[in-house]
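The values are calculated or read from the model by the stated rules, or taken from the named source; none is laboratory data. All of these numbers come straight from a predicted model, not from anything done at the bench. Note that we place each Cβ from the backbone using ideal geometry, even for glycine, and neighbour counts take in every protein chain shown.
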């Protein structure tokens with residue numbers, strides 16, 4: 001079998017942590033359909049990294065929709081793993097992602113169709129997709145398709161794991177609000193306790209939380225669900241509902257609550273989320289909680305569901321020991337004349353879109369590059385972030401990020417990124433984002449000294465963003481990443497900053513296990529004779545996918 005010369009198929013580009021360790025090209029000897037396919041194969045017997053064949057398209061025709069990427073893949077001798085992948089970006093952040101790492105392709109397989117399904121929020125700007133191969137082996141790819149599907153097709157988005165508990169059990173609409181459908185059977189798709197159908201349990205702290213159903217001996221009595229807390233900080237019975245039918249509306253959650261011997265309190269729970277922006281509006285009955293022992297009490301929460309919301313949580317919560325029963329839940333649209341409840345249920349009229357607010361709040365120049373200004377706490381809890389820096393990435397909660405007082409480089413303080421969970425996929429980054437005004441029309445060099453210990457992959461990175469969130473320049477050392485254990489070394493990224501640039505983002509990332517330290521970070525103008533380390537055309541997205549069957 002022979003492949004054509006080692007150049008990516010028309011419309012596709014090579015990327016990944018070690019793209020030069022793989023051959024990615026058209027393959028004429030066989031295909032799934034047509035006359036040709038693409039082949040992605042390793043050049044070495046051992047590769048500690050991955051390569052990907054990919055392309056990028058604008059999100060314009062897909063916003064507000066659910067999309068499905070399918071492809072046929074054949075594999076041989078894949079010793080680590082491979083997967084179809086897709087990512088949706090909203091300017092400077094990515095909002096959904098799946099790379100099949102939780103259901104990988106391994107070993108030898110015949111032609112098989114695989115798929116990933118993601119939501120494309122209204123704020124999305126680009127969609128990126130392809131096939132990756134980690135380690136050694138060979139893949140053949142054919143018959144890609146990117147299509148819009150209905151909400152009845154389940155999303156495979158793995159970023160839900162880095163959002164809030166229960167998002168993976170999202171319902172298209174409220175179900176089993178009267179608990180008449182009984183308890184959910186435990187199975188592989190929903191490996192959770194036997195909660196009522198459509199609902200899930202959440203526990204806070206150590207101790208026990210029991211969920212169940214109870215019914216009066218009267219034949220016409222309504223079924224109630226109970227939450228019993230014993231020793232835990234609290235427990236909740238919640239349902240996750242897709243926000244689309246309620247976006248831009250004022251909505252009421254109502255239900256009846258009965259309590260017994262509450263050490264703390266019990267409340268209804270009503271919250272709207274917009275991607276990783278959690279709790280954009282909510283009401284937890286603050287100031288109206290039920291305490292002690294109470295007969296059936298009618299309760300309600302009324303909140304606005306802002307534009308951009310993609311998930312609604314509804315249910316009941318018990319804080320502290322005790323038992324509460326809930327029945328007769330209803331989620332209904334109400335008129336604008338109906339007042340919202342709680343302090344955070346209403347969208348403020350003078351509130352600007354999050355993207356506009358973030359642009360205004362960007363610093364005018366980099367801050368605390370020497371880590372001498374101290375650190376502040378993070379809402380993420382595990383981090384003690386250097387002042388001026390923020391934790392980000394696909395799975396930032398899998399990493400500890402802080403100033404390491406025990407390690408220095410040439411007498412200077414260092415920042416540390418360290419895996420503290422099992423980071424099976426994704427990455428974490430310690431980063432800054434600043435206004436581009438101070439460097440418009442200049443060539444900018446980001447540099448740092450970096451040391452690593454048993455890392456899967458680490459890199460210095462820099463990105464130039466435009467006014468609508470488009471990426472004007474990007475480098476993350478993908479052709480020469482840091483792997484394994486290394487002593488202190490100097491690294492740099494060099495990019496041109498166009499006159500229409502709006503922001504510069506930069507930092508250090510860690511993917512997989514390990515620890516990485518960095519020090520003496522500098523962002524400065526480079527001379528004209530210094531070559532850039534990445535090109536604008538490498539990251540531009542086209543209007544539509546192309547050459548999906550590799551016949552061009």
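Here are the numbers for this structure:
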{"quantity": "Number of the exception - residue 477 against (1) over 27 Å from residue 53 (Cβ atoms); (2) part of a loop (DSSP other than H, G, I, E, B); (3) under 27 Å from the mean Cα position of the chain (by Cα)", "calculated": "(1)"}
{"quantity": "Qualifying positions in the range 336-366 - modelled with pLDDT of 85 or more and under 19 Å from residue 255 (Cα atoms)", "calculated": "338, 339, 340, 341, 342"}
{"quantity": "Checking residue 442 against (1) on the phi < 0 side of the Ramachandran plot; (2) surrounded by 19 or more Cβ atoms within 10 Å (Cβ to Cβ), the condition it does not meet", "calculated": "(2)"}
{"quantity": "Some residue of the range 394-416 being within 19 Å of residue 96 (Cα to Cα), in a strand (DSSP E or B) and touching a helix residue (DSSP H, G or I) at 6+ places or on another chain (Cβ under 6 Å)", "calculated": "no"}
{"quantity": "Any hit, the range 59-73, residues being more than 30 Å from residue 122 (Cβ to Cβ), assigned by TED's automatic domain parsing to the domain that holds residue 148 and touching a residue at least 60 places away in the same chain (Cβ under 8 Å)", "calculated": "yes"}
{"quantity": "Residue 272 being closer than 22 Å to residue 331 by Cα and in contact with a helix residue (DSSP H, G or I) (Cβ under 9 Å, 6 or more places away or on another chain)", "calculated": "yes"}
{"quantity": "Verdict on residue 202 being modelled with pLDDT under 65 and either crowded, with 17+ Cβ neighbours inside 10 Å or assigned to a strand (DSSP E or B) (or both)", "calculated": "no"}
{"quantity": "So residue 25, is it within 22 Å of residue 89 (Cβ to Cβ), at pLDDT 90 or above and not in a loop (DSSP other than H, G, I, E, B)", "calculated": "no"}
{"quantity": "Subset of the range 225-270 [more than 21 Å from residue 201 (Cβ to Cβ) and either crowded, with 20+ Cβ neighbours inside 10 Å or in contact (Cβ under 8 Å) with a residue 60 or more places away in the chain (or both)]", "calculated": "243, 244, 245, 246, 247, 249, 250, 251, 252, 254"}
{"quantity": "Answer residue from the range 445-474, given it is crowded, with 24+ Cβ neighbours inside 10 Å and in contact with a helix residue (DSSP H, G or I) (Cβ under 9 Å, 6 or more places away or on another chain) and is modelled with the lowest pLDDT among those", "calculated": "473"}
{"quantity": "Hey, residue 49 at pLDDT below 90, under 28 Å from the mean Cα position of the chain (by Cα) and surrounded by fewer than 17 Cβ atoms within 10 Å (Cβ to Cβ) or not", "calculated": "no"}
{"quantity": "Checklist (1) over 21 Å from the mean Cα position of the chain (by Cα); (2) closer than 24 Å to residue 20 by Cβ applied to residue 460, failing item", "calculated": "(1)"}
{"quantity": "Matching residues, the range 386-402, being in contact with a strand residue (DSSP E or B) (Cβ under 7 Å, 6 or more places away or on another chain) and more than 14 Å from residue 515 (Cβ to Cβ)", "calculated": "386, 387, 388, 389, 390, 391, 392, 393, 394, 395, 396"}
{"quantity": "Checking residue 395 against (1) at pLDDT 95 or above; (2) closer than 23 Å to residue 474 by Cα, the condition it does not meet", "calculated": "(1)"}
{"quantity": "Subset tally (residues that are surrounded by 15 or more Cβ atoms within 10 Å (Cβ to Cβ), in a loop (DSSP other than H, G, I, E, B) and at pLDDT 90 or above) for the range 499-549", "calculated": "6"}
